[in-house]
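A short worksheet on the structure shown next.
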Amino acid sequence: MICMVVDDSRVVRKVAKRIVQDTGFECVEAENGKEAYELCSQNMPDAILLDWNMPVMSGIEFLEKLRQIEGVKQPKVIFCTTENDVEHIQRAINAGADEYIMKPFDGDIIASKFQQVGLLQAQDKA
Amino acid sequence: MRITDFELYKDILIERSGLTLSPDKSYLLDSRLTPVAKKWGYETMDALSAALRGVPEPGLVDDVVEAMTTNETSFFRDKRPFDTFQETLLPYMIETRARRKSLRIWSAACSSGQEPYSLSMLINDIEQQLAGWRIEITGTDISREILQKAQAGEYSQFEVQRGLPIQLLMKFFEQHESGWKIKDEIRKTVDYKYFNLLDNMAPLGVFDIVYCRNVLIYFDEKTKADVLSRIAQQLEPDGILCLGGAETVLGITDIFKPIPGLRGVYCKSSHTHALENKVSADVAQA
Ligand SMILES: C[S@@+](CC[C@H](N)C(=O)[O-])C[C@H]1O[C@@H](n2cnc3c(N)ncnc32)[C@H](O)[C@@H]1O
């Protein structure tokens, strides 16, 4: 399984990449919506962790374009952004986001959201 | 922490709450009890220990116990028990209680409320089907402080992101400056009470479903068996018990038996439960 991390901050990408890999995914990176879109056109990932505010093309613009692509298995898209108000969240859901993470995040939150969208089995642990 | 002090706290905990304190957890005593000592005006841990050896005020002992509890929890913790509730337990109860149109659920050791609220959100989801029903959800815990938090229904951004699907956050929570508050339509469905699992359970009444998750793990075998047998007395003949992922009745008591195919779900051994056959039939069909 492949997860794409789309964020203009190299630090965030690095942290997210480590968590995503620990969760058992292969990770590809993009630094804005445009680059992500181009990568998706070549090879569609299974999941995308998506920042909102990025230069060149924002996360929401990217998502709207992505959801118009037909004839492919659409990836699960999880927003991952500092935007944490109801309006932004609702807009993301309307645009076709499957889940939403409000930064700051950690490994627990990412694992929990991957479970939510059915990419990870819940573990029975204490 | 001196050895004799460790024994003192170990005894208090087991006697008052059933919690077992193993020597490898003794480091927790200092960090968790220092604030309690301060609150009660004791300058040192030694002074606190001395007070507890005398005739301590009951409030002090309660605070000591409370400080030593682990309140770790999350919405839809481990996910599966809640899928089971939605897909199997709730439909079973609706069918079998169609006449009396009432359902009583107990979240024993509910911590800050995520467990009973998760159940309540799932019930709300099929609200039309339950028109005219009386549904009671009781949440109990030994920590008064954590019960206050449960009752307030206010959670940090971190807490609402563990286990809670974003759609449910949007549907059932309101955003506040410091976090998210669960809406009254859910908040008011849960009745919170202080209750020690070592105490007489009869006043709580009889339940259809009991969630007793991630608390027995802190008890010794004898206490586990005792609590389980008393829970059995508060359950309808076809009532259901749900335990946490690392807990079981096997090897502890014969009063309950697991329902095959439903992990962590138990019924009374004395009862041939309809779900035992139903679930195995579903498995055979699949
Ligand atoms: C780890 S939490 C579990 C919360 C929730 N049931 C879950 O599974 O996420 C354990 C809770 O048990 C409570 N507890 C410990 N001893 C207890 C006792 N003797 N009676 C009632 N509650 C107790 C603690 O205060 C704590 O809130």
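Each value in this text was obtained by applying a stated rule to the coordinates, not by laboratory testing. Nothing here was measured: the structure is a model prediction, and the numbers come from that model. All Cβ positions, glycine included, derive from the backbone under ideal geometry; neighbour counts span all protein chains shown.
Comparing B:Arg187, B:Arg77, B:Arg162 in a Gaussian network model of chain B (Cα springs below 10 Å), the most mobile by mean-square fluctuation is B:Arg162. At R0 = 22 Å, how high is the FRET efficiency between A:Glu87 and A:Lys65 if r is their beta carbon distance? Nearest 0.05 is fine. Computed FRET efficiency for A:Glu87 and A:Lys65 comes out at 0.55.
Placing R0 at 30 angstrom, the Cβ-Cβ distance between B:His271 and B:Glu15 gives a FRET efficiency of 0.35 after rounding to 0.05.
Taking one quarter of the surface of the C-alpha convex hull of chain B gives a mean projected area of 17.0 nm². Maximal additional length on extending the B:Thr70-B:Ser156 stretch stands at 29.2 nm, based on 0.36 nm per residue less the C-alpha distance. Taking label points 7 Å from Cα along the Cα-to-Cβ direction, B:Arg97 and B:Arg2 give a separation of 5.4 nm. Of all DSSP beta bridges confined to segment B:170-254, the antiparallel ones make up roughly 45%.
Springs join every pair of Cα atoms under 10 Å in this Gaussian network model of chain B, and among B:Ser107, B:Ser118, B:Ser178 the largest mean-square fluctuation is at B:Ser178.
When the helix-only estimate is applied to chain B (DSSP H runs of n ≥ 4, each -39,500 (n - 2.57), divided by the residue count), what is the mean residue ellipticity at 222 nm, nearest 500 deg cm²/dmol?
Numbers: 12 runs with 116 residues, N = 286.
Estimated from H runs of four or more residues: -12000 deg cm²/dmol.
For segment A:26-126, trypsin sites (Lys or Arg not before Pro) meeting the loop criterion (DSSP other than H, G, I, E, B) and having at most 16 other Cβ atoms within 10 Å: A:Arg67, A:Lys73, A:Lys125.
Annotation: the antiparallel percentage among DSSP beta bridges lying fully within chain B is about 40.
Show me the helices of chain A, taken as full DSSP H stretches, that run 15 Å or more along their long axis by Cα and average -0.5 or above in Kyte-Doolittle hydropathy. The qualifying helices are A:10-22.
In terms of overall dimensions, the C-alpha atoms belonging to the protein assembly as shown reach 72, 59, 38 Å along their principal axes, ordered largest to smallest. In plain terms, the C-alpha convex hull of segment B:194-286 casts an average shadow of 6.3 nm² when viewed from every direction.
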